[in-house]
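The values are calculated or read from the model by the stated rules, or taken from the named source; none is laboratory data. Because the structure is a prediction, the values reported are computed rather than measured. Methodologically, a virtual Cβ is constructed for each residue, glycine included, from the backbone with ideal geometry; neighbour enumeration extends over all protein chains shown.
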Amino acid sequence: MDHLKSLIREVPGFPKPGINFYDITTLLKDAGGLGAVIHGLEAHCKDAACDLILGIEARGFFFAPPVAYALGKGFIPVRKPNKLPAATVKMEYALEYGTDSLEIHADAIQPGQRVVIVDDVLATGGTAAAAAKLVEKLGGTVASLAFVIELDFLNGRSKLPGYDVFSLLHY
């Protein structure tokens, strides 16, 4: 999978000075690279023996639906507040400066269902931890968390103790 790193554009100083942004849009436009990512995530999710695949807005939506389709599983979107039309459950989480929140439909997961959470990047771990709490709040079990990229230097895994965490690429 390391050959995929050559398809990811590094953008220094975005979104602010001192940040090195890993832009996956250059990976997405490469059919072979996109396919390799989907197949890599699919293989991991298959091993996790899940019932559902959950994608986190927005870039998790690039990867979770094709993985769900390939495995014959349902897809669950987790979104920013006020984007889902039916009754929702909300989870707030801390950011470096302030808080943010995610929502899921209240009927998205049945008690006992096993869910794999898919997103593009594991950075500080706050968003992923909030998604895991939403799954558990609805009675589901987090079978695994799967990411395209993990920024190891931010130690996001530390916010996900006890969970199976998988990443295709590490920086």
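Residues are listed down the side, and each one gets a yes or a no for (1) farther than 18 Å from residue 156 by Cβ; (2) charged (D, E, K, R); (3) free of Cβ contacts under 8 Å to residues at least 12 places away in the same chain:
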residue	(1), (2), (3)
73	yes, yes, no
87	yes, no, no
94	no, no, no
102	no, no, no
113	yes, no, no
118	no, no, no
124	no, no, no
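Could you run through the stretch 114-169 and say how many residues are assigned to a strand (DSSP E or B) and under 18 Å from residue 41 (Cα atoms)? Full working, then the answer.
Narrowing the stretch 114-169 to residues assigned to a strand (DSSP E or B): 114-122, 141-150, 165-169.
Cutting the leftovers down to under 18 Å from residue 41 (Cα atoms) gives us 114-122, 142-150, 165-169.
Residues flagged as assigned to a strand (DSSP E or B) and under 18 Å from residue 41 (Cα atoms) within the stretch 114-169 amount to 23.
Taking into account only those residues within the stretch 90-113 that are at pLDDT 95 or above and in a loop (DSSP other than H, G, I, E, B), which is surrounded by the most Cβ atoms within 10 Å (Cβ to Cβ)?
Step by step, filter the stretch 90-113, then rank; the result is 109.
Looking at the stretch 52-71, is at least one residue surrounded by 22 or more Cβ atoms within 10 Å (Cβ to Cβ), at pLDDT 95 or above and in a loop (DSSP other than H, G, I, E, B)?
Among the residues of the stretch 52-71, not one is surrounded by 22 or more Cβ atoms within 10 Å (Cβ to Cβ), at pLDDT 95 or above and in a loop (DSSP other than H, G, I, E, B), which makes the answer no.
Return the residues of the stretch 28-44 that are assigned to a helix (DSSP H, G or I), without any contact (Cβ under 8 Å) to a residue 40 or more places away in the chain and in contact with a helix residue (DSSP H, G or I) (Cβ under 7 Å, 6 or more places away or on another chain); say none if nothing qualifies.
Residues of the stretch 28-44 that are assigned to a helix (DSSP H, G or I), as a first pass: 28, 31-44.
Adding the requirement that they be without any contact (Cβ under 8 Å) to a residue 40 or more places away in the chain leaves 28, 31-36, 38-39, 42-43.
Selection gives 28, 33, 34, 36, 38, 42.
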